[in-house]
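Trainee: Before anything else, here's the structure in question.
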Amino acid sequence: MFDTYMKDMNRLVWLPVSAGVLALPLLLGDGYYLNVLNFIALYSMIAIGLCLLIGYCGQLSISHSAFFAIGAYSSAILSLRFGFHPFVAILISQLISAVLALGIGSVVLRLKGHYLAIATLSFTIIVEVIIVEAAWVTGGLQGLSGIPPLSLGSMELDTDLGVYYVVWPVLLLLLLFALNLIDSRFGRVIKGIRENEDVMRLFGVGVYGYKVKVFVLSSVYASIAGSLYAHFIGFVSPSAASLSFAIDIIMVLAFGGFNLIWGAMLGAAAITYLTEYLTDFADFKRVAFGVALVVVMIIFPSGLLPGLQRWLKAGRRAPTGAQR
Amino acid sequence: MTTMIEISNIDVAYGKVPVLSDVSLTVAKGEIVTLIGANGAGKTTLFRALTGVLPKSRGSIVLDGKDITRMKPDRVAREGLAVVPEGRRLFGPMSVLDNLMLGSFLRLTGQGKGAVNEDLDMVFDLFPRLAERREQLARTLSGGEQQMVAISRALMARPKVILMDEPSIGLAPIIVREVFDVIRKLKESGITILLIEQNARMALKVADRAYVMEIGRITAEGDAGDLRQSDIIRKLYLAA
Ligand SMILES: Nc1ncnc2c1ncn2[C@@H]1O[C@H](COP(=O)(O)OP(=O)(O)O)[C@@H](O)[C@H]1O
Ligand SMILES: [Mg+2]
């Protein structure tokens with residue numbers, strides 16, 4: 001019921017959403033809101049990738065800030081030190097991230113549950129340490145600045161509007177890919193792994209291989225966001241790889257609902273908006289996040305979007321408790 | 001007659017704790033063989049040993065002429081063994097259709113979508129109720145319906161042998177009868193089944209041959225009809 005309903009909805013909704021997103025600046029003009037939306041897009045990319053891994057495949061990983069940072073630093077170093085065009089730097093960075101994710105994933109995905117979480121968390125800490133210590137390439141604590149902005153030919157896309165028309169189309173494509181993936185045979189298999197990987201093995205599924213594939217894909221989603229961020233902001237620092245950033249992204253998912261792609265986007269929007277709104281409060285931000293999260297979890301234990309959906313439907317018929 | 005499963009003198013342990021010792025059992029093509037035994041006898045342990053979940057410290061298992069003794073579960077599945085696990089183990093928040101399609105995971109890679117659609121028709125013929133509920137989430141089905149999904153999921157693999165672990169457990173008597181009717185129907189279509197059961201009365205009625213397991217050993221075997229008359233079974237009835 002809900003499954004097929006969502007399948008149809010995904011296809012039906014993606015197109016108007018995309019059209020709306022691309023038309024928005026034409027209607028509202030340039031403005032600071034675009035800057036906020038650009039951050040929402042970047043957050044959404046990481047959240048969607050993580051949603052595939054945690055929500056759909058059931059593998060709790062805390063390494064997404066690490067891959068965000070790997071994408072950001074690779075892109076920064078390739079364009080700053082080696083003079084690659086930003087778009088080329090971004091592409092090569094994804095290759096680097098994919099290879100690293102394959103290596104790391106092949107090792108850590110032999111673990112399950114809490115052990116997997118701890119192993120990925122350790123990886124994140126190691127990446128942060130390496131970035132700080134390898135100052136001759138990474139700039140250490142100072143980070144790297146002056147990263148060239150995205151450009152098309154001679155036109156530099158260094159305005160919020162220019163960046164908007166890069167990050168949002170990229171996000172929409174990544175979104176479409178994820179939506180199609182979860183409704184495909186591959187998607188069905190990873191959901192089965194989330195539910196019961198032992199039974200999947202009894203039906204001939206090479207579970208480990210699937211987990212590694214999702215891990216790589218999900219890491220590349222974070223890494224694409226990182227690369228775009230580097231060229232968008234022009235500056236990267238070790239905080240990109242920090243544990244607190246990794247936890248922010250998990251909060252995004254908890255907010256939106258762990259196993260809904262659209263929920264991941266809604267969570268990203270909510271968290272980015274909160275960050276903006278609370279920017280004057282500095283450290284108080286984290287407290288407010290926590291409080292907001294607890295409130296959402298109490299009202300909507302399965303996340304904001306599934307909760308809202310059920311709440312809206314409740315008027316028409318009894319809630320089914322269906323979720324993916 | 002070709003031998004489908006040949007288990008020869010296996011020992012199985014959980015770590016250092018031995019559970020099965022010197023277990024031998026054969027299933028011929030097209031046969032229904034039942035393994036009966038009280039709770040804790042080691043039936044599920046045999047299920048795990050056969051499917052490759054547990055290692056065998058001695059003995060061998062051959063499936064349709066192929067040695068599967070040391071194979072991992074996904075490899076054993078590839079050799080043509082499908083399972084109906086104890087407690088059904090459905091993918092609860094997924095639809096009936098998705099559950100069935102996961103059963104045909106290997107068929108999809110091997111034979112493609114057309115073959116799988118035919119299998120679906122076959123399964124829905126057998127269980128019209130599942131056809132109506134194909135979009136329903138598995139966990140919202142009744143116990144009996146869930147068991148039908150579990151059996152169908154195994155059928156979707158188009159296996160050489162189906163291994164069932166207590167398909168009647170936890171079901172109302174009338175549903176138990178339904179499950180055994182299905183097993184009888186499957187037998188007519190020529191499917192080979194190894195049926196693990198505690199419900200000796202029902203199991204012996206559908207099976208051709210039977211093995212009795214007590215504390216990790218096979219203590220009796222023979223024609224199902226003969227065993228129904230024997231003292232051993234009367235003893236088991238009382239125990240169960
Ligand atoms: N995972 C396990 N670890 C250790 N011992 C186990 C495990 N599973 C079952 N056993 C033991 O193995 C014996 C047989 O159990 P089992 O095969 O589940 O019996 P049955 O399926 O016939 O009820 C029991 O004594 C049980 O306590
Ligand atoms: Mg058992």
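Trainee: With the contact rule set at Cα under 8 Å and sequence spacing of 6 or more, what percent relative contact order holds for chain A?
Mentor: This gives 32 percent for chain A.
Trainee: Starting from the Cα of A:VAL99, move 7 Å in the Cα-to-Cβ direction to define the label point; list residues of segment A:197-220 whose amide nitrogen is under 20 Å from there.
Mentor: Inside the label zone: A:212-220.
Trainee: In nm, to one decimal, how far is the B:ASN39 label point from the B:ILE232 one, both placed 7 Å along Cα→Cβ?
Mentor: The modelled label-to-label distance comes out at 2.3 nm.
Trainee: A follow-up question, please. Output ³J(HN,Hα) for segment B:150-167: one whole-Hz value per residue in order, computed from phi by the Karplus curve 6.51 cos²θ - 1.76 cosθ + 1.60 with θ = phi - 60°, and x for Gly and Pro.
Mentor: Listing the rounded values in order: 4, 5, 4, 4, 5, 4, 4, 6, 6, x, 6, 9, 10, 10, 10, 10, 6, x Hz.
Trainee: To the nearest whole number, what is the average tally of beta carbon atoms from other chains within 10 Å of the beta carbons of peptide A:186-199?
Mentor: Shielding by partners across A:186-199 averages 5.
Trainee: So if R0 is 45 Å, what FRET efficiency would A:VAL107 and B:THR219 give, r being the distance between their Cβ atoms, rounded to the nearest 0.05?
Mentor: That gives a FRET efficiency of 0.45.
Trainee: When you look at the Cβ of every residue in B:107-119, what mean number of other chain Cβ atoms sits within 10 Å?
Mentor: 1
Trainee: Calculate, for B:VAL53 and A:ASP30, the FRET efficiency according to 1/(1 + (r/R0)^6) with r their C-beta to C-beta distance and R0 56 Å; round to the nearest 0.05.
Mentor: It comes to 0.35.
Trainee: From the helices alone, meaning DSSP H stretches of at least four residues, give me the mean residue ellipticity at 222 nm for the protein assembly as shown, per-run term -39500 (n - 2.57), in deg cm²/dmol to the nearest 500.
Mentor: That comes out to -19000 deg cm²/dmol.
Trainee: Would you grab the residues whose amide H sits under 5 Å from the one on B:ALA220? Only those 5+ places off in sequence or on another chain, please, with H modelled 1.01 Å from N.
Mentor: Those qualifying (amide H under 5 Å, at least 5 residues apart or on another chain) are B:VAL212.
Trainee: Of all trypsin sites (Lys or Arg not before Pro) in segment A:1-91, which ones are in loop regions per DSSP and have a Cβ with at most 13 other Cβ atoms within 10 Å?
Mentor: Loop-located and lightly packed - A:ARG81.
Trainee: Mind checking which aspartates and glutamates have their Cα closer than 13 Å to the Cα of B:LYS72? Skip sequence neighbours fewer than 8 apart in that chain.
Mentor: By straight Cα distance, B:LYS72 reaches A:ASP198.
Trainee: Counting each pair of different Cα atoms once, what's the Kirkwood radius of segment A:2-242 in Å, rounded to one decimal?
Mentor: The Cα-based Kirkwood calculation yields 18.7 Å.
Trainee: Please list, by residue number, everything in segment B:43-84 whose backbone N is under 18 Å from a paramagnetic label point 7 Å out along Cα→Cβ of B:THR109.
Mentor: Answer for segment B:43-84: B:52-53, B:71-83.
Trainee: Please give the contour-minus-distance gain from B:GLU118 to B:SER60: 0.36 nm per residue of separation, less the Cα-Cα distance, rounded to one decimal in nm.
Mentor: Once the chain is fully extended between B:GLU118 and B:SER60, it gains 17.3 nm.
Trainee: I'd like the orientation of helix B:113-126 relative to chain B: the angle between its Cα long axis and the longest Cα principal axis, in ° from 0 to 90, rounded to 10.
Mentor: 70
Trainee: HN-Hα J couplings of segment B:171-182 from phi, Karplus 6.51/-1.76/1.60, θ = phi - 60°, integer Hz, Gly and Pro as x?
Mentor: My calculation for segment B:171-182 gives 9, 5, x, 5, 6, 4, 4, 4, 4, 5, 4, 4 Hz in order.
Trainee: Something else: Test of the criteria: in segment B:87-137, which GluC sites (Glu not before Pro) are in a DSSP loop and have at most 10 other Cβ atoms within 10 angstrom of their Cβ?
Mentor: none
Coordinate-derived values only; no laboratory data. It should be emphasised that the depicted structure is a prediction, and the values quoted were computed from it without experimental measurement. Every residue, glycine as well, gets a Cβ built from its backbone with ideal geometry; the counts of neighbours run over all protein chains shown.
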